1. Working carefully through the options B:121, B:91, find the one that is crowded, with 23+ Cβ neighbours inside 10 Å and within 14 Å of chain A (Cβ to nearest Cβ).
2. In this structure, is residue B:96 open to solvent by 10 Å² or more (accessible area, probe 1.4 Å) and closer than 17 Å to residue B:209 by Cβ?
3. Anything in the range B:101-114 that is at the interface with another protein chain (Cβ under 9 Å from one of its Cβ atoms) and under 17 Å from residue B:52 (Cα atoms)? List them, or say none.
4. Name the one entry in B:63, B:77 that is modelled with pLDDT of 90 or more, surrounded by 21 or more Cβ atoms within 10 Å (Cβ to Cβ) and more than 11 Å from chain A (Cβ to nearest Cβ).
5. Identify, by number, the condition in (1) touching a Lys or Arg at 6+ places or on another chain (Cβ under 9 Å); (2) more than 12 Å from every other protein chain (Cβ to nearest Cβ); (3) open to solvent by 10 Å² or more (accessible area, probe 1.4 Å); (4) not in a helix (DSSP H, G or I) that residue B:38 doesn't meet.
6. Consider residue B:138 carefully, then state whether it is in contact with a Lys or Arg (Cβ under 9 Å, 6 or more places away or on another chain), open to solvent by less than 50 Å² (accessible area, probe 1.4 Å) and of a type in the set (Val, Ile, Thr).
7. When the residues of the range A:1-11 are narrowed to those that are surrounded by 13 or more Cβ atoms within 10 Å (Cβ to Cβ) and hydrophobic (A, V, I, L, M, F, W, C), which ends up farthest from the other protein chains (Cβ to nearest Cβ)?
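The values are calculated or read from the model by the stated rules, or taken from the named source; none is laboratory data. Given the structure is predicted, the values throughout are model-derived calculations rather than measurements. Neighbour counts are summed over all protein chains in view; Cβ atoms, including those assigned to glycine, are modelled from backbone coordinates with ideal geometry. Accessible surface areas use protein heavy atoms only, side chains included; no ligands, DNA or RNA. Shrake-Rupley method; radii C 1.70, N 1.55, O 1.52, S 1.80 Å.
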Amino acid sequence: MTSTEKYVAAAYLVVFVMILVYVVIIAAKLARLDREIGDLADEVRATRQDEEPGSAG
Amino acid sequence: MKKLLAPLDNAVGLAVLATVLIAVGTAMTFFYAPVDVDGLNQKIFYFHVPIALTAYATFGWGAWKALVHLWKKKPGADLESYVAIHQGTIFGALTLITGSIWAKLRWGHWWLWGEKELVLFLIIFLFYCTYFMLRYSIEAGPRRANISAVYALFGVILIPISFLAIRLATNYIHPVAFTKQGPQMAGSQFATFMVCLAAMWTLAGALYRLELLGKRLDLKIRELRELVL
């Protein structure tokens with residue numbers, strides 16, 4: 001592999017790696033949001049269960 | 001919820017289109033476009049220039065959304081402006097990196113401080129990097145949105161100056177691919193360039209919509225948490 005070929009490959013590699021890193025960051029963020037929605041649903045469910053005995057009695 | 005998830009449909013469609021265009025563009029770059037007098041390093045041009053144009057376009061889009069925010073007070077325009085500028089800085093960083101690799105091959109230097117077009121692009125890039133420092137130094141709310149919008153609008157003034165700097169450069173080291181006479185390249189090279197440009201714009205569109213969706217979901221979850229708990 002010549003020096004020019006190495007530089008050209010490096011330029012393309014940098015572009016693809018940076019885009020990949022960006023996509024991974026966004027994917028991690030969406031995964032965190034998914035977890036937060038799950039936690040929120042659990043908290044709402046727990047709050048309702050706590051309220052039910054009181055309202056029944 | 002359907003309305004909230006609508007951008008994802010577009011993002012998925014755009015991402016698929018961007019993947020196809022990137023693959024076609026890369027294949028055309030190496031197997032269709034001829035190697036010109038500049039040698040193999042000219043292949044960097046097919047992605048470097050579209051990336052730079054995408055950076056300008058996203059900064060411009062961010063400024064437009066900032067104007068919409070200030071002028072029409074449209075809800076969400078501030079967030080759209082922020083996401084567009086974020087995209088612009090990513091593409092701006094890629095422009096600087098790929099440009100430096102090309103410069104090392106062509107000029108033998110990673111960077112030349114005497115080159116107006118390089119320095120002006122760096123100024124734009126740093127200007128928009130400072131946007132994030134400014135934005136996060138102010139508490140979230142209308143004041144932050146307004147100040148960020150004004151800053152984003154100021155930045156857009158630098159874009160035409162940077163764009164014209166390549167033509168105004170006194171020593172003309174930076175190649176000029178497009179003149180008043182049209183593209184200074186073979187038809188196959190121009191076709192490859194256009195495919196790569198379309199690839200970068202659809203990629204930017206997909207990433208913009210994806211990031212925007214994430215930010216909107218984040219805001220909705222916070223609102224929901226405050227309402228429910």
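1. Working: B:121 fails: within 14 Å of chain A (Cβ to nearest Cβ).
Criteria check complete, one pass: B:91.
2. Values: open to solvent by 10 Å² or more (accessible area, probe 1.4 Å): yes; closer than 17 Å to residue B:209 by Cβ: no.
No; evaluated as a whole, the condition is false for this residue.
3. Start the filter on the range B:101-114 by keeping residues that are at the interface with another protein chain (Cβ under 9 Å from one of its Cβ atoms), which leaves B:101-102, B:104-105.
The answer is B:101, B:102.
4. Working: B:77 fails: surrounded by 21 or more Cβ atoms within 10 Å (Cβ to Cβ).
Going through B:63, B:77 in turn, just one is modelled with pLDDT of 90 or more, surrounded by 21 or more Cβ atoms within 10 Å (Cβ to Cβ) and more than 11 Å from chain A (Cβ to nearest Cβ): B:63.
5. (2)
6. Details: in contact with a Lys or Arg (Cβ under 9 Å, 6 or more places away or on another chain): yes; open to solvent by less than 50 Å² (accessible area, probe 1.4 Å): yes; of a type in the set (Val, Ile, Thr): yes.
Here the answer is yes, as residue B:138 does meet what is asked.
7. Among those residues, the one meeting the criterion is A:9.
This table checks each residue for (1) open to solvent by 90 Å² or more (accessible area, probe 1.4 Å); (2) not small (Gly, Ala, Ser).
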residue: A:13; (1), (2): yes, yes
residue: A:20; (1), (2): yes, yes
residue: A:30; (1), (2): no, yes
residue: A:38; (1), (2): no, no
